[in-house]
Amino acid sequence: MKQVAGLISTYSSDEFGICSALYELGGMVVMHDASGCNSTYTTHDEPRWYDMESMIYISAISEMEAIMGDDDKLIHDVIETAQQMKPKFIALVGAPIPYMIGTDLKAIAAIIEEETGIPSFGLEANGMNGYLSGISMAFDAIVDRFCKKEVLKSTQTKVNILGATPLDFSLNGSVDSIRRWIENIGMQTEACFAMGSSLEELSKAGKAQVNLVISYGAMEIAKKMEEEFQIPYVVGVPVGKLFATTVEHCLKEALETGKSQIVCQKYKADIRSEKKAAIIGESVYATSLAGAIEQQYGISCEVLCPLETEEMILRSMDKQTPEEDDLMEALEGMDIVIADPLYKPLCSKKASFYPLGHIAFSGRIYENEIPDLIDREFEETGGLR
């Protein structure tokens with residue numbers, strides 16, 4: 001019963017992470033799932049839906065098709081639609097039903113690619129993993145199929161931003177702020193995976209000299225690009241003025257040495273307060289915010305990460321808390337909690353609660369209240385004092 005959540009919501013699933021990562025790239029994304037699942041994604045997890053067109057479809061697999069294993073209908077429907085829409089690629093996305101009946105989406109994608117000539121790939125999501133694994137699968141497919149291996153490095157200092165989706169960075173200007181910050185420190189953005197950059201721009205990502213990883217969903221492609229393109233990566237988000245300076249130093253160190261950097265392991269905090277703060281959320285953003293608060297306010301921060309991550313991203317005091325019970329135990333004795341508002345029922349009434357909405361957790365409920373904290377003084381956004 002430990003895995004049952006009685007008070008809080010769940011995070012967006014892997015199939016929705018795939019859709020979010022591929023949304024702006026001109027491809028046709030087909031979730032092989034029952035009718036109705038697409039509306040969950042579009043109404044809760046996709047803030048771009050009403051303002052930006054994208055070819056996100058659902059196969060509407062029926063009970064009889066699932067029982068009989070009728071792949072021909074899926075193949076026919078996808079080919080017919082692709083011939084009309086002419087997408088740049090076709091992505092077949094798994095879900096619980098094809099996972100349970102053993103549908104070979106990669107084989108089906110190969111058949112569709114042979115028939116249409118359009119690059120096609122199957123992404124074996126199952127609807128039971130978190131959105132970060134879906135983002136990782138989608139980015140990996142883009143790098144494999146479209147990023148050019150033989151490219152000349154730019155003569156200017158170019159940075160790829162890896163991990164930008166509205167699930168982690170709402171449409172509040174944060175990604176644009178990261179681009180401006182990169183310009184302000186004397187560098188340029190080559191490509192942004194995957195907001196505000198076209199598929200053609202992503203295909204030239206190998207020209208960059210360094211990658212900035214701003215979400216754990218991009219860690220696998222950061223490692224792949226380090227190996228295949230010899231591009232070192234820096235893991236961190238330029239949150240707050242002081243921590244943004246630390247990220248800048250890490251980018252320059254990575255450029256000079258060719259060695260990747262984890263920003264939250266590279267700063268020293270001057271803890272001046274007896275208060276203890278907990279930050280709940282995705283590991284890269286949460287550890288960056290923790291570093292910014294420790295540097296600016298001297299308040300000790302502990303990151304509680306309910307999502308998949310790696311030990312090297314978390315600091316020694318941070319914890320993975322995948323279950324509701326784990327979170328409740330870790331929150332005991334905290335003076336301050338910074339988290340999505342849907343986490344408030346888990347917190348002590350004595351703790352000061354600072355809401356920080358996360359679309360991957362609460363959907364668009366608090367979308368208009370999520371602050372842009374990139375390269376800012378926290379007082380400007382009503383932060384900790």
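The values are calculated or read from the model by the stated rules, or taken from the named source; none is laboratory data. Treat the numbers as computed from the prediction; the structure is a model and nothing was measured. Cβ atoms come from the backbone with ideal geometry, glycine included; neighbour counts cover every protein chain shown. In case anyone asks, the SASA skips ligands and DNA or RNA and just uses the protein heavy atoms, side chains included. Shrake-Rupley method; radii C 1.70, N 1.55, O 1.52, S 1.80 Å.
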Tabulated pairs, the range 163-190, first closer than 16 Å to Arg376 by Cβ, second in a helix (DSSP H, G or I), C-beta under 7 angstrom, 6+ apart or interchain: Phe169/Val175; Ser170/Ile359; Ser170/Glu367; Trp181/Ala244; Ile185/Glu248
The range 44-66, residues that are touching a residue at least 12 places away in the same chain (Cβ under 8 Å) and assigned to a helix (DSSP H, G or I): His44, Asp45, Ala66
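Kindly establish whether Ser197 is out of contact with any Pro (no Cβ under 6 Å at 6 or more places or on another chain), open to solvent by less than 30 Å² (accessible area, probe 1.4 Å) and polar (S, T, N, Q).
Details: out of contact with any Pro (no Cβ under 6 Å at 6 or more places or on another chain): yes; open to solvent by less than 30 Å² (accessible area, probe 1.4 Å): yes; polar (S, T, N, Q): yes.
Criteria met by Ser197.
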Selection within the range 246-282 - over 20 Å from the mean Cα position of the chain (by Cα), open to solvent by less than 60 Å² (accessible area, probe 1.4 Å) and of a type in the set (Ser, Thr, Tyr): Thr246, Tyr267, Ser273
Subset of the range 347-372 (residues that are more than 17 Å from the chain's Cα centre (by Cα) and either under 26 Å from Ile178 (Cβ atoms) or surrounded by 18 or more Cβ atoms within 10 Å (Cβ to Cβ) (or both)): Cys347, Ala351, Tyr354, Pro355, Ile365, Tyr366, Asn368, Glu369, Pro371
Tally of residues being over 12 Å from Ile182 (Cβ atoms) and open to solvent by 10 Å² or more (accessible area, probe 1.4 Å) across the range 158-169: 1
Single unsatisfied condition, Thr155 versus (1) surrounded by fewer than 22 Cβ atoms within 10 Å (Cβ to Cβ); (2) β-branched (Val, Ile, Thr); (3) within 11 Å of the chain's Cα centre (by Cα): (3)
Test result for Leu202, closer than 22 Å to Val30 by Cβ and open to solvent by less than 30 Å² (accessible area, probe 1.4 Å): yes
Filtered residue count, the range 82-100, keeping only those that are touching a residue at least 40 places away in the same chain (Cβ under 8 Å), outside any loop (DSSP other than H, G, I, E, B) and within 17 Å of Asp33 (Cα to Cα): 7
Within the range 27-56, considering residues that are more than 20 Å from the chain's Cα centre (by Cα) and among the acidic types (Asp, Glu), the one most open to solvent (accessible area, probe 1.4 Å): Glu53
Wholly enclosed helices (runs of 4 or more DSSP H) of the range 280-375 bearing at least 3 residues free of Cβ contacts under 8 Å to residues at least 60 places away in the same chain and out of contact with any helix residue (DSSP H, G or I) (no Cβ under 9 Å at 6 or more places or on another chain): 324-331
Residue in the range 170-191 that is farthest from Ala208 (Cα to Cα), counting only those that are at pLDDT below 95 and open to solvent by less than 30 Å² (accessible area, probe 1.4 Å): Ser170
Any hit, the range 264-276, residues being farther than 24 Å from Ser362 by Cβ, in a strand (DSSP E or B) and among the charged types (D, E, K, R): yes
Answer residue from the range 93-111, given it is β-branched (Val, Ile, Thr) and closer than 23 Å to Glu63 by Cα and is most open to solvent (accessible area, probe 1.4 Å) among those: Ile101
Breaking point among (1) within 26 Å of Glu200 (Cβ to Cβ); (2) in contact (Cβ under 8 Å) with a residue 40 or more places away in the chain; (3) open to solvent by 10 Å² or more (accessible area, probe 1.4 Å); (4) part of a helix (DSSP H, G or I), for Glu24: (4)
Thr103, sole failed condition from (1) in contact (Cβ under 8 Å) with a residue 40 or more places away in the chain; (2) of a type outside the set (Gly, Ala, Ser); (3) over 20 Å from Leu25 (Cα atoms); (4) in a helix (DSSP H, G or I): (4)
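Out of all the residues in the range 202-216, which are touching a Leu at 6+ places or on another chain (Cβ under 8 Å) and under 16 Å from Ala191 (Cβ atoms)? Before you say what the answer is, go through the steps one by one.
Let us first name the residues in the range 202-216 that are touching a Leu at 6+ places or on another chain (Cβ under 8 Å), namely 202, 207, 209-216.
Those that are touching a Leu at 6+ places or on another chain (Cβ under 8 Å) and under 16 Å from Ala191 (Cβ atoms): Leu202, Lys207, Gln209, Val210, Asn211, Leu212, Val213, Ile214, Ser215.
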Search result, residues across the range 131-149 that are under 16 Å from Gln230 (Cα atoms), in contact with a helix residue (DSSP H, G or I) (Cβ under 8 Å, 6 or more places away or on another chain) and open to solvent by 50 Å² or more (accessible area, probe 1.4 Å): Lys148, Lys149
